[in-house]
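Notes follow the structure.
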Amino acid sequence: MSLLRRLTFFISYLGNPPWDTGISPPELMEYIQKNQPGSSLDLGCGTGTNAITLAEHGWNSTGVDFSKLAIRTALQKSARAGVNIQLYQDDVSRLKTIDGKFDLLLDIGCFHSLSKTEKVRYISNLPRLLNEGGDYLLYGWYRNQGEPGPGINDGDLETFSSLMALIYRKDTTERGKFPSLWLLYKK
């Protein structure tokens, strides 16, 4: 991750980042209602909103984010919520501190912000992290192949589909202007 991007995230976490609503999205809540609790890893967990929600619903919840400030806030929020979650400061494209396998890998808005090289490294970790029969729930902005800016492109979708079975795809827009996707894969 570039120094400029790191600085931008650092400054954002000094206040209230615009992407951190503090509310778990309906798609995650629907997933929780339809699936038995197990072990979960929130990739790019930010201040822990979704990792906490999973723990409140009986999941053995882990979160990882590169931002020390975000992890510190997530620890405070989980203590206030009275739930125990494991939190790690690490780069999601490397994940040196995360061992074990999970029943659910969750990524809400992290993958889409990675560079091409970071995406390749991130994807290479998915098979080692996801239990057989486990789910990968992903949200991100969608971009056509070659279109500038952050996003999930068709090449990314092909790579995911080579590793896991696509269960559903929901096309939507964020803030009424950014094409985005909800994707659920099963290993």
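The values are calculated or read from the model by the stated rules, or taken from the named source; none is laboratory data. Small disclaimer: the values here were computed from a predicted structure and weren't measured. Cβ coordinates were reconstructed from backbone atoms using ideal geometry, including for glycine residues, and neighbour counts include every protein chain displayed. Side chains included, ligands, DNA and RNA excluded: accessible areas come from the protein's heavy atoms. Shrake-Rupley method; radii C 1.70, N 1.55, O 1.52, S 1.80 Å.
Things worth noting here:
- Residue among G140, G149 that is over 23 Å from G38 (Cα atoms) and either of a type in the set (A, V, I, L, M, F, W, C) or not in a strand (DSSP E or B) (or both): G149
- The set of residues in the stretch 121-146 being touching a helix residue (DSSP H, G or I) at 6+ places or on another chain (Cβ under 9 Å) and without any contact (Cβ under 8 Å) to a residue 24 or more places away in the chain consists of N144, Q145.
- Per the conditions (1) modelled with pLDDT of 95 or more; (2) assigned to a loop (DSSP other than H, G, I, E, B), the sole criterion not satisfied by R121 is (2).
- Boolean, L54 is open to solvent by less than 20 Å² (accessible area, probe 1.4 Å) and either free of Cβ contacts under 8 Å to residues at least 40 places away in the same chain or part of a helix (DSSP H, G or I) (or both): yes
- Residue count for the stretch 106-133 under the criterion of being touching a Lys or Arg at 6+ places or on another chain (Cβ under 9 Å) and crowded, with 21+ Cβ neighbours inside 10 Å: the result is 5.
- Residue list for the stretch 92-118, restricted to those being more than 19 Å from S39 (Cβ to Cβ) and modelled with pLDDT of 95 or more: F111
- Residue satisfying all of: in the stretch 67-91; open to solvent by less than 40 Å² (accessible area, probe 1.4 Å) and in a loop (DSSP other than H, G, I, E, B); modelled with the lowest pLDDT among these: S67
- Enumeration of residues in the stretch 100-118 that are out of contact with any strand residue (DSSP E or B) (no Cβ under 6 Å at 6 or more places or on another chain) and in a helix (DSSP H, G or I): S113, K116, T117, E118
- Residue check, G151 open to solvent by less than 40 Å² (accessible area, probe 1.4 Å) and either touching a Ser or Thr at 6+ places or on another chain (Cβ under 8 Å) or under 21 Å from E27 (Cβ atoms) (or both): yes
- Considering residues of the stretch 154-179 that are at pLDDT 95 or above and of a type in the set (G, A, S) only, the residue surrounded by the most Cβ atoms within 10 Å (Cβ to Cβ): S161
- Test: residue in the stretch 11-32 that is at pLDDT below 95, aromatic (F, W, Y) and out of contact with any His (no Cβ under 9 Å at 6 or more places or on another chain): yes
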